[in-house]
1. State all residues of the stretch 37-64 that are within 14 Å of the chain's Cα centre (by Cα) and free of Cβ contacts under 8 Å to residues at least 40 places away in the same chain; if no residue qualifies, say none.
2. Among (1) within 23 Å of A150 (Cα to Cα); (2) out of contact with any helix residue (DSSP H, G or I) (no Cβ under 7 Å at 6 or more places or on another chain); (3) within 12 Å of the ligand (Cβ to nearest atom), there is one condition L109 misses while meeting the rest; what is its number?
3. Of all residues in the stretch 1-31 being small (G, A, S) and touching a residue at least 24 places away in the same chain (Cβ under 8 Å), which is farthest from the ligand (Cβ to nearest atom)?
4. Of all residues in the stretch 112-140, count the ones that are on the phi > 0 side of the Ramachandran plot, within 13 Å of the ligand (Cβ to nearest atom) and surrounded by fewer than 20 Cβ atoms within 10 Å (Cβ to Cβ).
5. So which pairs qualify, if the first residue must be in the stretch 98-111 and surrounded by fewer than 19 Cβ atoms within 10 Å (Cβ to Cβ), the second must be not in a strand (DSSP E or B), the Cβ gap must be under 8 Å, and the two must be at least 6 apart or on different chains?
6. Could you please find all residues in the stretch 1-31 being among the polar types (S, T, N, Q) and either within 19 Å of R120 (Cα to Cα) or in a strand (DSSP E or B) (or both)?
7. Out of S75, S34, which single residue is touching a Pro at 6+ places or on another chain (Cβ under 8 Å), in a loop (DSSP other than H, G, I, E, B) and within 15 Å of the ligand (Cβ to nearest atom)?
Amino acid sequence: MQILARLCISADGYVTTPNGWPPQVLDPVHGPGSHGIAEFLQGVEAAVMGRTTFEPALTNDRWPWPGLRVFVLGSHRPEGTPEDVVVEPDPERLLERLRAENRGGDVHLIGGPSTVETFRALGVLDKLELVVLPFLVGSGMRLTDSLSTATGLEFESSRALAGGSVEIVYRVRPDDAPATRRPDFDARQPQRP
Ligand SMILES: NC(=O)c1ccc[n+]([C@@H]2O[C@H](COP(=O)([O-])OP(=O)(O)OC[C@H]3O[C@@H](n4cnc5c(N)ncnc54)[C@H](OP(=O)(O)O)[C@@H]3O)[C@@H](O)[C@H]2O)c1
């Protein structure tokens, strides 16, 4: 089982709109299977996310994760949560449950950024997949509001998607891999032209 974080990001680097929605909801092509998700989900059997990302699904017209086992990291079980959704406050116990129930498929780590960082810090994040959307939103949440800037990324692939988005897939190197150690941004001097 691999844990694959996949998030949409606006061309100006935000993973939410100014009012907290995932930016892909503004895209005219947004819908079931859009932004490459249909192909991505072929090898996936479970979805994991933080409680903040999960809660809006409870009032959606359509359940967003049909056919997937859903796991939520959160301190409490939101009202109306279906019985078969696992809610767990401890990240390591949630990981144990994911592993115990796994039947060989991958896990889609939906987000948000703080839950991605939680799995990265546990050393179990295999890939970071970004879908860069062809528009700007101006403000919102950045991935690195939570995700460590020391995250080691190794390019794996990219492809253009219908509607003008671009998918970029990175392998995530573990914290102790030598290539992950990066210069300290604050200590680095700008180069004079
Ligand atoms: N662009 C995209 O594709 C995309 C995808 C997903 C989400 N999003 C956006 O991301 C935003 C939410 O991101 P977020 O980072 O604020 O929230 P989040 O990761 O969705 O959820 C955060 C919650 O998860 C639990 N949690 C996270 N890390 C934990 C840890 N180490 N230990 C225990 N519990 C932990 C906590 O729940 P409790 O508070 O219950 O303790 C925490 O408040 C939303 O606006 C959503 O729209 C965008």
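Only the coordinates and a few stated rules stand behind these numbers; no lab work does. This is a predicted model, so every value here is computed, not measured. Cβ coordinates were reconstructed from backbone atoms using ideal geometry, including for glycine residues, and neighbour counts include every protein chain displayed.
1. Matches in the stretch 37-64: I37, R51, F54.
2. Result: L109 fails condition (2) only.
3. Going through the qualifying residues, I end up with A11.
4. So the count comes out to 0.
5. Qualifying pairs under 8 Å: R99/M1; N102/M1; G104/M1; G105/M1; G105/G43.
6. Q2
7. Numbers: S34 fails: touching a Pro at 6+ places or on another chain (Cβ under 8 Å).
S75 is the lone residue from the list that is touching a Pro at 6+ places or on another chain (Cβ under 8 Å), in a loop (DSSP other than H, G, I, E, B) and within 15 Å of the ligand (Cβ to nearest atom).
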